[in-house]
Amino acid sequence: MSKSMKRVRAALDAAGITAQIVEVGTARTAQEAAEAAGCHLDQIAKSIIFRAEATDEAVLFLTAGGNKVCADKANALADSPLGKADAALIRAQTGFAIGGVSPIGHLSPIRAWIDPRLLEFDVVWAAAGTPRHIFPIDPQRLPPLTGAEPADFTL
């Protein structure tokens, strides 16, 4: 088990969540993850990382698989202009590689927001620290686990 996946497993265990981490081959896109999980595209919790330009800190937007983040709404929520987070920033601040960023198990606390669409489901699936692994979770558990605030930030 990779270090990244071990952090996700540890975060789940610490929260008392018994979720099975599933190897799916490849799940670099929300569509691939949905097909592997056998669920609706919007049941995939995408972890979208941006860089706060003023501080160089990563910020996290958890969005439903079929939704896209609106830059203007995201900037307003972050109270800062946001830019593209490169692979090095994402790896340094979250501990994950692009394609495997989990909403939990980050190296450092991260400011986060969650798409209310995710909260409409009984179960959503998220990356488990690698592009090949996902796990199911009750979406109501994500805000307290991640510190994410529900907000409208999608197109």
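The values are calculated or read from the model by the stated rules, or taken from the named source; none is laboratory data. These numbers were taken from a predicted model, which means no experiment stands behind them. Note: ideal-geometry Cβ built from the backbone for every residue, glycine included; neighbour counts use all protein chains shown. The protein model used for the area step is the full one, side chains on, heavy atoms only, and it has no ligands, DNA or RNA in it. Shrake-Rupley method; radii C 1.70, N 1.55, O 1.52, S 1.80 Å.
Once you have a ≥ b ≥ c as the square roots of the Cα gyration tensor eigenvalues for region 48-116, tell me rounded if a/c is under 1.5, and otherwise prolate or oblate according to whether a/b is larger than b/c. Oblate, because a/c is 1.5 or more while a/b does not exceed b/c. Across region 9-155, C-alpha contacts under 8 Å between residues 6 or more apart give a mean separation that, scaled by the residue count, equals a relative contact order of 29 percent.
Counting lysine pairs in the chain that sit 8 or more residues apart in sequence, or on different chains, and whose Cα atoms lie under 16 Å apart gives 4.
When Rg and the Kirkwood Rh are both derived from Cα coordinates, the Rg/Rh ratio for the chain amounts to 0.93. Ranking Trp113, Trp125 from most to least accessible surface, computed with a 1.4 Å probe over the protein chains only, gives Trp125, Trp113. Using a probe of 1.4 angstrom and keeping all protein chains present, the accessible surface of the chain works out to 48 square angstrom per residue. The accessible-area ordering, largest first, of the residues Phe135, Phe121 stands as Phe121, Phe135, per a 1.4 angstrom probe.
Here the chain has 52 percent of its accessible surface on carbon and sulfur atoms, given a 1.4 Å probe and all protein chains in place. Would you tally the net charge around Leu142, using a Cβ to Cβ cut-off of less than 15 Å, leaving Leu142 out, and scoring K and R as +1, D and E as -1? In short, -2.
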